[in-house]
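Chemist: Can you keep this structure in mind? I'll have questions shortly.
The values are calculated or read from the model by the stated rules, or taken from the named source; none is laboratory data. Values in this document were obtained by computation on a predicted structure and should not be read as measured data. Positions of Cβ are generated from backbone atoms using ideal geometry, with glycine treated the same way; all protein chains shown enter the neighbour counts.
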Amino acid sequence: MKPCKKCGAPGEHGRSGSKRFWVQCGKFGRNGNCNQISQQADSKKEALALWNAMNT
């Protein structure tokens, strides 16, 4: 997993329900002030690919 291109923090997997996955910056929301988050996907693997694509 690539680090956040905005602040350099590591990404974290997020999940809601059985088919909503995303990756967000480790300093997102209550953990800090960064707002980098990937689009939602149907799998962890797809969410990770979306995160890595946006952080190249």
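Chemist: Check whether at least one residue in the range 2-12 is on the phi > 0 side of the Ramachandran plot and not in a helix (DSSP H, G or I), and report yes or no.
Modeler: The first filter runs over the range 2-12 and keeps only residues on the phi > 0 side of the Ramachandran plot, leaving 8.
Checking the rest, the ones that are also not in a helix (DSSP H, G or I) come to 8.
Within the range 2-12, one or more residues are on the phi > 0 side of the Ramachandran plot and not in a helix (DSSP H, G or I).
Chemist: Of a type in the set (Gly, Ala, Ser) and surrounded by 15 or more Cβ atoms within 10 Å (Cβ to Cβ), is that true of Gly11?
Modeler: Values: of a type in the set (Gly, Ala, Ser): yes; surrounded by 15 or more Cβ atoms within 10 Å (Cβ to Cβ): yes.
Spelling it out, Gly11 is indeed of a type in the set (Gly, Ala, Ser) and surrounded by 15 or more Cβ atoms within 10 Å (Cβ to Cβ).
Chemist: Please go through the chain and pick out each residue that is among the β-branched types (Val, Ile, Thr) and touching a strand residue (DSSP E or B) at 6+ places or on another chain (Cβ under 8 Å). Give the derivation first.
Modeler: Start the filter on the chain by keeping residues that are among the β-branched types (Val, Ile, Thr), which leaves 23, 37, 56.
If the condition is that a residue be among the β-branched types (Val, Ile, Thr) and touching a strand residue (DSSP E or B) at 6+ places or on another chain (Cβ under 8 Å), then Val23, Ile37 are the ones that fit.
Chemist: Please identify the pairs in which a residue from the range 22-35 that is at negative phi and in a loop (DSSP other than H, G, I, E, B) has its Cβ atom under 9 Å from the Cβ atom of a residue that is of a type in the set (Phe, Trp, Tyr) and buried (at least 17 other Cβ atoms within 10 Å of the Cβ), counting only partners at least 6 apart or on another chain.
Modeler: Listed pairs, sorted by first residue: Asn35/Phe28.
Chemist: Moving on to the next point. Could you check the range 45-56 and list, in sequence order, the residues that are at pLDDT 95 or above and surrounded by fewer than 17 Cβ atoms within 10 Å (Cβ to Cβ)?
Modeler: Hits for the range 45-56 are Lys45, Glu46, Ala49, Asn52, Ala53, Met54.
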